[in-house]
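What follows is a single structure, written as structure tokens, with notes after it.
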Amino acid sequence: MTSQTNYKRILLKLSGEALAGPSGYNIDPAILEQYSKEIKEVVDMGVQVAIVIGGGNIFRGVSGERSGIDRVQGDYMGMLATVINAMAIQSSLEKHGMYTRVMSAIKMEQVCEPYVRRRAVRHLEKGRVVIFGAGTGSPYFTTDSTASLRAIEIEADVVLKGTKVNGVYTADPMKDPTATRYTTISFDDVYEKKLNVMDLTAFTLCQENDLPIIVFNMNETGSLLRIVKGDTDTGTLISSKV
Ligand code: UDP
């Protein structure tokens, strides 16, 4: 860690949908390229980076249910989709000169390592970017919950939730033009005001373990780096100390 950084170890949560770019489906090479450059900037500063990637651009268990696929089966399909995204990010990060490991919660030895907490921490200590695939390995969970869980397990300093919006607003900014962004807000206030940050399982895990979350716009160039450097005006910080 250099003196310019606010965090030693971060857990970056990226949604599958974001990876798809404007089409909403598949993987957009331009987005991969942009994300890799942004991630490299923080890796080069000596920050340890772990990533959890969603699978919504490929498959979601809930949507599968609507087309007649059993929910649990669909959830496993969703988890496999996250591994496809993890491998895509891995390739792109490596192309940009970073060392990486994909660790999956569901064993698939030919394509990636199985998730073992101690090994994940060791990889991070060696400066490798660790990408957690296959969610928690259990149906009925989300990749947001995976992000909270893995962040707690590896003792990350913060969960950085990269979204298409630059933080948490008083109301939906798409619908309400008077909506304003919080720069900081407490876990209790998010809960009481029913603000949509993460699903409740994911949110509660962070709250109970006193793990701060920063919601920010991953598509805004330079925002990841600004947050890591401690810029308090980028995104929204959710913590117990507000
Ligand atoms: N999923 C699951 N267990 C997990 C993580 C994910 O069953 O621990 C499944 C679930 O069906 C989910 C899909 O994988 O809909 C893709 O994950 P998610 O919806 O969180 O992706 P994102 O919205 O971030 O793209």
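Data overview
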quantity	calculated
Scope segment 201-242; condition within 15 Å of T183 (Cα to Cα) and either more than 16 Å from the chain's Cα centre (by Cα) or among the acidic types (D, E) (or both); matching residues	R226, G230, D231, T232, D233, T234, S239, S240, K241, V242
Lone unmet requirement of (1) closer than 18 Å to I58 by Cα; (2) in contact with an Asp or Glu (Cβ under 9 Å, 6 or more places away or on another chain) for R101	(1)
Criterion: of a type in the set (G, A, S), more than 22 Å from R117 (Cα to Cα) and either within 17 Å of the chain's Cα centre (by Cα) or modelled with pLDDT of 95 or more (or both) - qualifying residue of A86, A18	A18
Members of segment 145-164 found to be open to solvent by 20 Å² or more (accessible area, probe 1.4 Å) and away from the ligand (no atom under 14 Å from the Cβ), listed by number	I152, E155, D157
Residue check, D210 assigned to a loop (DSSP other than H, G, I, E, B) and free of Cβ contacts under 8 Å to residues at least 24 places away in the same chain	no
Residue in segment 72-93 that is surrounded by fewer than 17 Cβ atoms within 10 Å (Cβ to Cβ) and not in a helix (DSSP H, G or I) present	no
Residue list for segment 123-144, restricted to those being within 7 Å of the ligand (Cβ to nearest atom) and either surrounded by fewer than 20 Cβ atoms within 10 Å (Cβ to Cβ) or over 16 Å from T163 (Cβ atoms) (or both)	G135, T136, G137, S138, P139, Y140, F141
Filter result (farther than 21 Å from I227 by Cβ and touching a helix residue (DSSP H, G or I) at 6+ places or on another chain (Cβ under 7 Å)) within segment 142-172	T142, S145, L149, E153
Neighbours by Cβ (under 9 Å, 6+ apart or cross-chain): first from segment 11-27, open to solvent by 50 Å² or more (accessible area, probe 1.4 Å); second polar (S, T, N, Q)	E17/N57; S23/N57; Y25/N57; N26/N57
Residue among Y169, Y191 that alone is over 26 Å from I58 (Cα atoms), open to solvent by 30 Å² or more (accessible area, probe 1.4 Å), aromatic (F, W, Y) and in contact with a Lys or Arg (Cβ under 8 Å, 6 or more places away or on another chain)	Y169
Residue match in segment 53-67 (condition: more than 19 Å from the chain's Cα centre (by Cα), within 10 Å of the ligand (Cβ to nearest atom) and open to solvent by less than 60 Å² (accessible area, probe 1.4 Å))	yes
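The values are calculated or read from the model by the stated rules, or taken from the named source; none is laboratory data. As the structure is a prediction and not an experimental result, all values here were calculated from the model. Glycine also receives a Cβ, built like all others from the backbone with ideal geometry; neighbour counts cover every protein chain displayed. Accessible surface is based on the protein model in full, side chains and every heavy atom, while ligands, DNA and RNA are left aside. Shrake-Rupley method; radii C 1.70, N 1.55, O 1.52, S 1.80 Å.
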